[in-house]
């Protein structure tokens, strides 16, 4: 992997952890998530003026990606209602490389080396140990861990679909711009059916997240989508999960979440596994 691609993915990881912290730190998480998703639309519309139309072959992947991103957002919201950022985020993000690798072996017939198997094992240990993290009241929080794991399933799925779709599209930014617009429309329909007053909340309390969180989220994944066309999807997915360490730092120092040895060790093991998977051959 070239230095440029490496730096781009690390930058995307920092942006991604930042907007997740903004959503977790807000009182009304549905409004916050809606603000971020709607905040993609202005960036996407501007981008469409400068990129070609995605190839028709990528349309099934585009439609699937829209649905998977929406499912990810709903499950992420539920996860943040149940648990801390420093528990939910590592499980959700750390499980994705594990699932992508598993799919590659079971479905695509990819053969993994011993170092790759070691990396997957480390990620698995890190993820499973995070189910032992206690809440602020001292109780176990298995529900948050399970919701975060389901969120990781959506992350793995949309990573594979988006990576393949962006390659077929011939324009990674064009592919993601249309995906972002479709995702915004789907979220708007959901909000209209479930909580119409959220539109007003986004326009008032959610303006900061709309502008800052939406832009950060769009740029982060636009960079990742481009990286999917430059390096193997599994490698990009693994390296992107350095966002785990950024989320840990943000959760502890800015959201004042409880820090314990289990969170630190579990996050570090997951991160080491992701890094090893990046360099494994």
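Some observations on this one:
- Selection of the stretch 238-261 for residues being touching a residue at least 40 places away in the same chain (Cβ under 8 Å) and over 17 Å from residue 95 (Cα atoms) yields 250, 251, 252, 254, 255, 257, 258, 259, 260.
- Take the conditions (1) closer than 26 Å to residue 27 by Cβ; (2) at pLDDT 95 or above; residue 171 misses just one of them, which is (1).
- Unique residue being in contact with a helix residue (DSSP H, G or I) (Cβ under 7 Å, 6 or more places away or on another chain), without any contact (Cβ under 8 Å) to a residue 60 or more places away in the chain and within 23 Å of residue 56 (Cβ to Cβ) when the list is 157, 172: 172
- Residues of the stretch 38-68 classified as crowded, with 16+ Cβ neighbours inside 10 Å and either assigned to a loop (DSSP other than H, G, I, E, B) or modelled with pLDDT under 95 (or both), total: 2
- The set of residues from the stretch 82-113 being more than 16 Å from residue 233 (Cβ to Cβ) and either modelled with pLDDT of 80 or more or in a loop (DSSP other than H, G, I, E, B) (or both) comprises 82, 83, 84, 91, 92, 111, 113.
- Selection within the stretch 85-111 - surrounded by fewer than 22 Cβ atoms within 10 Å (Cβ to Cβ) and either on the phi < 0 side of the Ramachandran plot or touching a helix residue (DSSP H, G or I) at 6+ places or on another chain (Cβ under 6 Å) (or both): 99, 102, 103, 104, 105, 106, 107, 108, 110, 111
- Listed conditions (1) without any contact (Cβ under 8 Å) to a residue 40 or more places away in the chain; (2) touching a helix residue (DSSP H, G or I) at 6+ places or on another chain (Cβ under 9 Å) are all met by residue 114, apart from (2).
The values are calculated or read from the model by the stated rules, or taken from the named source; none is laboratory data. In this text the structure is predicted, and so the values were computed from the model without any measurement. Here Cβ is always computed from backbone atoms with ideal geometry, including for glycine, and neighbour counts include all displayed protein chains.
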